[in-house]
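Asker: Right, I'll just put the structure down here and ask away after.
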Amino acid sequence: MDNNGVGSWLHRRRAKSGPKTALVSGDRILSYTELADRTDCLANALNERGVVMGDRVAYLGENHSSFVETFFACGLLGAIFVPLNTRLAAPELQFQLQDSGARVLISAGALEAVAAASVEDTAVTHRLVVLPDAGTQAAAVKPPSGVESYDEVLSAAAGTLLDVAVSLDDPAMILYTSGTTGKPKGALLTHGNITWNCFNTVVDMDLSKNDVALMISPLFHVASLDMGLLPMLLKGATVVLETKFDAGRVLKLIGQHKVTTLNGVPTTFQMLCDHPEWSTADLTSLDKLTCGGSAVPQRVSDAYEERGIGFTSCYGMTETAPGATMLPASRSKEKAGSAGLPHFFTDVRIADPMGGLALPGAVGEIQISGPNVIKEYWNRPEATADSYSDSLWFRSGDMGFKDDEGFLFVSDRIKDMIISGGENIYPAEVEAVIAELPEVGSVAVIGVADPKWGEVPRAIVTLLEGASLTEEQLRSHLEGRLARYKIPKSVVFVEEMPRTASGKIRKVELKKQFAS
């Protein structure tokens, strides 16, 4: 093939693993041949609608076979895939569609209202809607005027293979990361970034074609897509897609499908072991648990160890596609608190304040290099320039140190980022929307510990003289403007903010006073 990118994978897998089950998506079971055939049809359909190499195609929906087909169809055409977070509000989605310049939006039928609102004043010229599978009562719903049915479009399309010359250096996907200045940045992942990240995952997780992965985290998150779904399909394994997380159902599916691999965040693993059916669930097939986002609570880790299952912990970010380091379950007790060793094809260093290499045990900035690391942000040359040291090393903004064996320990998070249930929340973005309220004089958002989500946002607010505002009114203002997980769970009103000599709010002091 002329296509050397990720779009060629299903064509190559069709030859090697044709009849084997590739995807289980609800009641739909697709072999590698069927998945490749459907992807060919979608690529032809998108091409007929004007999509060519370099064009952007956005997808808004939960875990579903159409997500996978859209990703690979874009890869066949050399188009750029733009997965959108289903939890975002219409204005947030609209910004990402405008910024990416997406020409096509494929969305789930259940999200039609937000999809319709988000495409206003964007470059989107074609919309496809994924309606419920045939046989369900909701399947009788017809697409709105001007919107095409995804399955009807596939049925009418040619099934020929489009072999576009795509290289590993060509862009494959734009993933938006919440911006520290209030607006998200699009991390531009190339076909090579994705491919090398999958190589890292296959090698370090020792994946096999006999593995069965249950995807309980949304595929629009880079860890779920690039460390869960794609490495499994590269190996010719089987992936079971779940649209919503339900702990009881997940426990049943593990036994039903003989699931071997499960990726998630601490909250999801906690909800599983807290479920009443945990002790009786058949977990005998599970042998690979991968957790990212934050540390696994000890009681959760102990619950899984009692069932003979250990955790592999990961550290990374969207810009590293996302893997940087991994701590295998076999070293989890010996190296408790560590984020592990660099992935096989990735390098990690600790830079001291002068830019030199820090000695073992000394805290400095964590910097990452390797073929999985992005080279740029989409249309953000200044952000790109600020994010690299010596043109090769991505500056994570995280602080950490290595021990004398090279194991990484993360000391502090990226600036003030809050991680809530695996979702990244940047306070600046939330603060900007709260500041729209005319009553607000100043605002700071911090993270506070939460037993279920790990962290949740809390807003510290001062009001202008003579103004009045309730917590309920503030939260009501945020509804529809921000994703629900970004909306502060509590609000504290104060007379004044602690500030530096230059007038900046001292969040360190706020955290000491209000984070508990």
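Asker: Taking the condition surrounded by fewer than 24 Cβ atoms within 10 Å (Cβ to Cβ), among the polar types (S, T, N, Q), on the phi < 0 side of the Ramachandran plot and assigned to a helix (DSSP H, G or I), does Asn47 pass?
Answerer: On the way: surrounded by fewer than 24 Cβ atoms within 10 Å (Cβ to Cβ): yes; among the polar types (S, T, N, Q): yes; on the phi < 0 side of the Ramachandran plot: yes; assigned to a helix (DSSP H, G or I): yes.
Yes.
Asker: Within the group Phe72, Phe67, which residue is closer than 20 Å to His11 by Cβ, touching a Pro at 6+ places or on another chain (Cβ under 9 Å) and assigned to a helix (DSSP H, G or I)? Can you show your working first?
Answerer: Numbers: Phe72 fails: touching a Pro at 6+ places or on another chain (Cβ under 9 Å).
Sole residue among the options that is closer than 20 Å to His11 by Cβ, touching a Pro at 6+ places or on another chain (Cβ under 9 Å) and assigned to a helix (DSSP H, G or I): Phe67.
Asker: Still on this model: Run Ser411 past the list (1) touching an Asp or Glu at 6+ places or on another chain (Cβ under 9 Å); (2) within 14 Å of Ser338 (Cα to Cα); (3) surrounded by 18 or more Cβ atoms within 10 Å (Cβ to Cβ); (4) not basic (Lys, Arg) and report the number of the one that doesn't hold.
Answerer: Tallying (1) touching an Asp or Glu at 6+ places or on another chain (Cβ under 9 Å); (2) within 14 Å of Ser338 (Cα to Cα); (3) surrounded by 18 or more Cβ atoms within 10 Å (Cβ to Cβ); (4) not basic (Lys, Arg), Ser411 fails exactly one: (3).
Asker: Continuing with the same structure: Within the group Tyr388, Tyr426, which residue is of a type in the set (Ser, Thr, Tyr) and either closer than 25 Å to Ala89 by Cα or in contact (Cβ under 8 Å) with a residue 12 or more places away in the chain (or both)? Outline the logic, then answer.
Answerer: Working: Tyr388 fails: either closer than 25 Å to Ala89 by Cα or in contact (Cβ under 8 Å) with a residue 12 or more places away in the chain (or both).
Within the list Tyr388, Tyr426, the selection yields Tyr426.
Asker: Here are Leu84, Leu76: which of them is under 20 Å from the mean Cα position of the chain (by Cα) and either farther than 24 Å from Asn424 by Cα or hydrophobic (A, V, I, L, M, F, W, C) (or both)?
Answerer: Within the list Leu84, Leu76, the selection yields Leu84.
Asker: If you take the residues of the range 150-173 that are out of contact with any helix residue (DSSP H, G or I) (no Cβ under 7 Å at 6 or more places or on another chain) and assigned to a helix (DSSP H, G or I), which of them is nearest to Asn47 (Cα to Cα)?
Answerer: This residue is Ala156.
Asker: Of the residues that make up the range 81-97, is at least one surrounded by fewer than 23 Cβ atoms within 10 Å (Cβ to Cβ), within 21 Å of Asp2 (Cβ to Cβ) and not assigned by TED's automatic domain parsing to the domain that holds Leu482?
Answerer: Among the residues of the range 81-97, not one is surrounded by fewer than 23 Cβ atoms within 10 Å (Cβ to Cβ), within 21 Å of Asp2 (Cβ to Cβ) and not assigned by TED's automatic domain parsing to the domain that holds Leu482, which makes the answer no.
Asker: Out of Lys183, Lys244, which single residue is within 30 Å of Ala383 (Cα to Cα), among the basic types (Lys, Arg), outside any helix (DSSP H, G or I) and out of contact with any His (no Cβ under 9 Å at 6 or more places or on another chain)?
Answerer: Working: Lys244 fails: within 30 Å of Ala383 (Cα to Cα).
That would be Lys183, the only listed residue that is within 30 Å of Ala383 (Cα to Cα), among the basic types (Lys, Arg), outside any helix (DSSP H, G or I) and out of contact with any His (no Cβ under 9 Å at 6 or more places or on another chain).
Residue-by-condition table, conditions (1) farther than 25 Å from Leu189 by Cα; (2) of a type in the set (Ser, Thr, Tyr); (3) part of a strand (DSSP E or B); (4) touching a Leu at 6+ places or on another chain (Cβ under 7 Å):
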residue	(1), (2), (3), (4)
Val259	yes, no, no, yes
His275	yes, no, no, yes
Thr284	yes, yes, no, no
Val296	yes, no, no, no
Arg299	yes, no, no, no
Ala303	yes, no, no, no
Gly308	yes, no, no, no
Thr312	no, yes, yes, yes
Ser330	yes, yes, no, no
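Asker: Considering only residues that are under 18 Å from Gly292 (Cα atoms), among the hydroxyl-bearing types (Ser, Thr, Tyr) and at pLDDT 95 or above, which ones fall in the range 177-209?
Answerer: Thr201
Asker: Just checking, how many residues over the range 401-421 are outside any loop (DSSP other than H, G, I, E, B) and on the phi > 0 side of the Ramachandran plot? Reasoning before the result, please.
Answerer: The first filter runs over the range 401-421 and keeps only residues outside any loop (DSSP other than H, G, I, E, B), leaving 401-402, 408-412, 418-420.
Filter once more, keeping what is on the phi > 0 side of the Ramachandran plot: none.
So the count comes out to 0.
Asker: Please work out if Ile374 is of a type in the set (Val, Ile, Thr) and outside the structural domain of Thr267 (by TED's automatic domain parsing).
Answerer: Values: of a type in the set (Val, Ile, Thr): yes; outside the structural domain of Thr267 (by TED's automatic domain parsing): no.
Taking the combined requirement at face value, the residue does not satisfy it.
Asker: Of the residues Thr284, Thr238, Thr261, only one is touching a helix residue (DSSP H, G or I) at 6+ places or on another chain (Cβ under 9 Å), surrounded by fewer than 16 Cβ atoms within 10 Å (Cβ to Cβ) and among the β-branched types (Val, Ile, Thr); which?
Answerer: On the way: Thr238 fails: surrounded by fewer than 16 Cβ atoms within 10 Å (Cβ to Cβ); Thr261 fails: surrounded by fewer than 16 Cβ atoms within 10 Å (Cβ to Cβ).
Being touching a helix residue (DSSP H, G or I) at 6+ places or on another chain (Cβ under 9 Å), surrounded by fewer than 16 Cβ atoms within 10 Å (Cβ to Cβ) and among the β-branched types (Val, Ile, Thr) holds for just one of Thr284, Thr238, Thr261, which is Thr284.
The values are calculated or read from the model by the stated rules, or taken from the named source; none is laboratory data. Here the structure is a predicted model, which is why all the values come from computation and not from measurement. Note that each Cβ is placed from the backbone with ideal geometry, even for glycine, and that neighbours are counted across all protein chains shown.
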